[in-house]
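*Asks:* Please find one structure pasted underneath; my questions will follow.
What follows is calculated from the coordinates using simple rules that are stated; it is not laboratory data. Model, not experiment: these values are computed from the prediction. Backbone-built Cβ (ideal geometry, glycine too); neighbour counts: all protein chains shown.
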2 protein chains.
Amino acid sequence: MPVQAIIFDAYGTLFDVYSIGALAERLFPGKGAAVAELWRDKQIEYTRLRTLSNTYKPFWEVTQDALVFTCRKLGLELTLDAQTQIMGQYAKLEAFPENLAVLKSLKAKGLKLAILSNGNPEMLDAVVQAAGMSDLFTQVLSVHTVKKFKTAPEAYQLGTDTLSVLAKDTLFVSSNCWDICGAAWFGYKTFWVNRSNAPLEELGITPHAEGRTLEDLARFVT
Amino acid sequence: MPVQAIIFDAYGTLFDVYSIGALAERLFPGKGAAVAELWRDKQIEYTRLRTLSNTYKPFWEVTQDALVFTCRKLGLELTLDAQTQIMGQYAKLEAFPENLAVLKSLKAKGLKLAILSNGNPEMLDAVVQAAGMSDLFTQVLSVHTVKKFKTAPEAYQLGTDTLSVLAKDTLFVSSNCWDICGAAWFGYKTFWVNRSNAPLEELGITPHAEGRTLEDLARFVT
């Protein structure tokens, strides 16, 4: 598919948010997976509620709020030390193993690459740098600029405005099916990195293409 | 607390959405609870995504989409017959047992009572009538009028606009903590009917009052 630019979601797509499950398991034996899953769900829920109600708060704070709720809901004591450890881990999430090579090959083709994320700029800078990806992206865009989280159209519009490309000439890549739907509703071409083999959301959208890892994306764009 | 009007959420607050778990269990043995829970979560998620992305669809259709997704996700075959049975049950959900008496007593005090729901008008008419509550409400308000689901401020504003009361003189009652937060952000006084003894959401809101059933609400308003 001929595109001029590729915009990537960050958390879950480039960076492995579930990798913190291992740390959570050490801190809360037997509950690591439950903490990681509920935390992620709550974090996303809070971004949506705050956008719907115009009560924006940076993603770092929303993420922290979601962690506090998660532990309260699961009956786990969240010490300040545990909170600091988990949030610290979140700040330097690992990239999925195939990503760096794929991103380099896409950039070598002359494509503009960008990140468009719910994360606030400080979080994104930290995680991109830790993954050694600083030189690969033309732009690292944060919804913090518009103070609306995805799937608000204003969030997706940051991509076309900043990269000076048309949505239809841009491929939006995300591991989150709801993010794919939001991007498609906005007008982007979409590639769903369906890492967990999830069923398609029943939202009337079919991604332009789908794969399991970024290597499938590389094959699709070639 | 002196208030002039009380606005109730419908699904989960007046009408027992989890009562369909029994039917789901008959249709999908061993999976009834999982179906009911995921269905409810997906239904709410889809309302939020469609509001964020300006792709409104009536609640009845969103509810049906969520059911289709739920069965696909859980690996259950949803026959047309099963779908019709479950959706039919949804159209005539039972009210919680204490509700009718409490609503009558509140109305007898001269308070304006209303419903403000994500449900579309046809759904609300059916469920209110089936519960014998048609004469109790001054207004049965549907977000369908503004084509934005809660927690969009436009949805909550239907109450003040239609009832001609100030938000601060109005008590908003919901079993959903996120709905309480949305209503409080809008400016309503709030009473959380915390039927499932859930933890407070970490959204910076504390309800003005909290109880387990509508009987606790009756005691609070007296």
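*Asks:* Can you confirm whether the stretch A:172-180 contains a residue that is of a type in the set (Asp, Glu) and more than 13 Å from chain B (Cβ to nearest Cβ)?
*Replies:* no
*Asks:* Restrict the check to the stretch B:124-146 and report whether at least one residue is farther than 17 Å from B:ALA10 by Cα and within 14 Å of chain A (Cβ to nearest Cβ).
*Replies:* Going residue by residue through the stretch B:124-146, those that are farther than 17 Å from B:ALA10 by Cα are B:146.
Next cut, within 14 Å of chain A (Cβ to nearest Cβ) only: B:146.
Yes, some residue in the stretch B:124-146 is farther than 17 Å from B:ALA10 by Cα and within 14 Å of chain A (Cβ to nearest Cβ).
*Asks:* Another question about this same structure. Of all residues in the stretch A:70-110, which are in contact (Cβ under 8 Å) with a residue 12 or more places away in the chain and among the aliphatic types (A, V, I, L, M)? It would help to see each step written out before you state the result.
*Replies:* Going through the stretch A:70-110, the residues in contact (Cβ under 8 Å) with a residue 12 or more places away in the chain turn out to be A:70-71, A:73-74, A:76, A:82-83, A:85-87, A:89-96, A:98-100, A:102-107, A:109.
Residues satisfying the conditions are A:LEU74, A:LEU76, A:ALA82, A:ILE86, A:MET87, A:ALA91, A:LEU93, A:ALA95, A:LEU100, A:VAL102, A:LEU103, A:LEU106.
*Asks:* Go over the candidates A:ALA108, A:ALA82, A:ALA66, A:ALA101 one by one and state the one that is surrounded by 16 or more Cβ atoms within 10 Å (Cβ to Cβ), among the aliphatic types (A, V, I, L, M) and farther than 26 Å from B:ARG50 by Cα.
*Replies:* The unique qualifying residue is A:ALA82.
*Asks:* Could you grab me the full set of residues in the stretch A:56-86 that are within 16 Å of A:TYR46 (Cβ to Cβ), touching a Leu at 6+ places or on another chain (Cβ under 6 Å) and of a type in the set (A, V, I, L, M, F, W, C)?
*Replies:* Pass one, the stretch A:56-86, residues within 16 Å of A:TYR46 (Cβ to Cβ): A:56-73.
From what's left, touching a Leu at 6+ places or on another chain (Cβ under 6 Å): A:70-71.
Across the stretch A:56-86, the qualifying residue is only A:CYS71.
*Asks:* Among the numbered criteria (1) farther than 27 Å from A:ALA5 by Cβ; (2) buried (at least 18 other Cβ atoms within 10 Å of the Cβ); (3) among the aliphatic types (A, V, I, L, M), which one does A:LEU93 miss?
*Replies:* (1)
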